[in-house]
Amino acid sequence: MAAGQSNLTTSVEDYLKAVYALSQDGTPATTSSLARHLDVQPASVTGMVKRLAESGYLEHLPYRGVLLTDTGRDEALRIIRRHRILETYLQLRLGFSWEDVHSEADRLEHAASDALIEKMAEALGEPTHDPHGAPIPSRTGEIDAPAIATLADAVAGSTVSISAVQDDDSARLRRLKALGLTPGVRVSVLSREGSEGSLALTIDADGGMRSDETISYDLAKRVYVSSPDPEG
């Protein structure tokens, strides 16, 4: 991981973080996917991608998209570590709600010094995952493989354990929290309506079983789980 305080602009850091998020499976991030992820115009993405490739942060694959170089990955993991440490500190030490820490961390991640982030990490006991279950990169840039399978992939009759949830929408996080769909919770899929229909669930929350909760396929796609266990 890059040592010391980075002098990258906020925009560059956001682009590197976005490329990392969109290419974790090894698939290049396309101009259109970056534009949607960052909510900017494709023309803006094209110009920035060119500059970042010329600066050695991205590798451009013609007609396919871009991937991070080793330097770009180091910088992306540095800012991801900052964001997830901030989320964790905001919730555990300052009492911010589970659904609000993402937006707060987004505002702070570019301004806080590296020294402050490391003091926070030390005060927290060097956490390995943020409040939403996402792995926190280490100081040296190592990171656990993220969960890939989602609740939307689970078949009827299977039981899974929630590993993480997507944290970019406060309203959805409030819904997930209200349902008890948080990291560490076991969920049994009672039934589902087709391949992209709603799912009926039994949720084991705080040791108590709650059945007959139904969620949409779209919400289920935002919940990352362990590999389905057909035998429960």
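The values are calculated or read from the model by the stated rules, or taken from the named source; none is laboratory data. The structure presented is a predicted model; accordingly, all values stated were derived computationally and were not measured. Backbone-built Cβ (ideal geometry, glycine too); neighbour counts: all protein chains shown.
For this structure, a couple of remarks:
- Selection status of GLU109, buried (at least 22 other Cβ atoms within 10 Å of the Cβ) and at pLDDT below 95: yes
- Of the residues making up the stretch 141-157, those that are at pLDDT 90 or above, touching a strand residue (DSSP E or B) at 6+ places or on another chain (Cβ under 6 Å) and either small (Gly, Ala, Ser) or assigned to a loop (DSSP other than H, G, I, E, B) (or both) are ILE143, ASP144, ALA149, ALA154, ALA156.
- Against the criterion of being within 22 Å of TYR15 (Cβ to Cβ), surrounded by fewer than 13 Cβ atoms within 10 Å (Cβ to Cβ) and modelled with pLDDT of 95 or more, GLU54 qualifies.
- Selection of first residues in the stretch 158-185 that are assigned to a helix (DSSP H, G or I) and of second residues that are surrounded by 18 or more Cβ atoms within 10 Å (Cβ to Cβ), restricted to Cβ pairs under 6 Å at least 6 apart or on distinct chains, gives the following pairs, ordered by first then second residue: SER170/GLU99; LEU173/GLU99; ARG174/GLU99; LEU176/VAL165; LYS177/TRP98.
- Put simply, of ALA123, ALA149, ALA156, ALA164 the only residue that is among the small types (Gly, Ala, Ser), over 30 Å from ARG107 (Cβ atoms) and either surrounded by 15 or more Cβ atoms within 10 Å (Cβ to Cβ) or assigned by TED's automatic domain parsing to the domain that holds ASP106 (or both) is ALA149.
- Residue check: SER195 meets all listed conditions (1) over 18 Å from the mean Cα position of the chain (by Cα); (2) assigned by TED's automatic domain parsing to the domain that holds GLY95; (3) in a loop (DSSP other than H, G, I, E, B) but one, namely (2).
- Residues of the stretch 94-119 classified as under 27 Å from LEU176 (Cα atoms) and within 20 Å of the chain's Cα centre (by Cα), total: 14
- Residue match in the stretch 57-77 (condition: buried (at least 19 other Cβ atoms within 10 Å of the Cβ) and within 30 Å of LEU176 (Cα to Cα)): yes
- Filter result (without any contact (Cβ under 8 Å) to a residue 40 or more places away in the chain, of a type in the set (Val, Ile, Thr) and farther than 18 Å from VAL165 by Cβ) within the stretch 96-145: ILE117
- Lone unmet requirement of (1) at pLDDT 95 or above; (2) more than 27 Å from ASP74 (Cβ to Cβ); (3) outside the structural domain of GLN24 (by TED's automatic domain parsing) for GLY95: (3)
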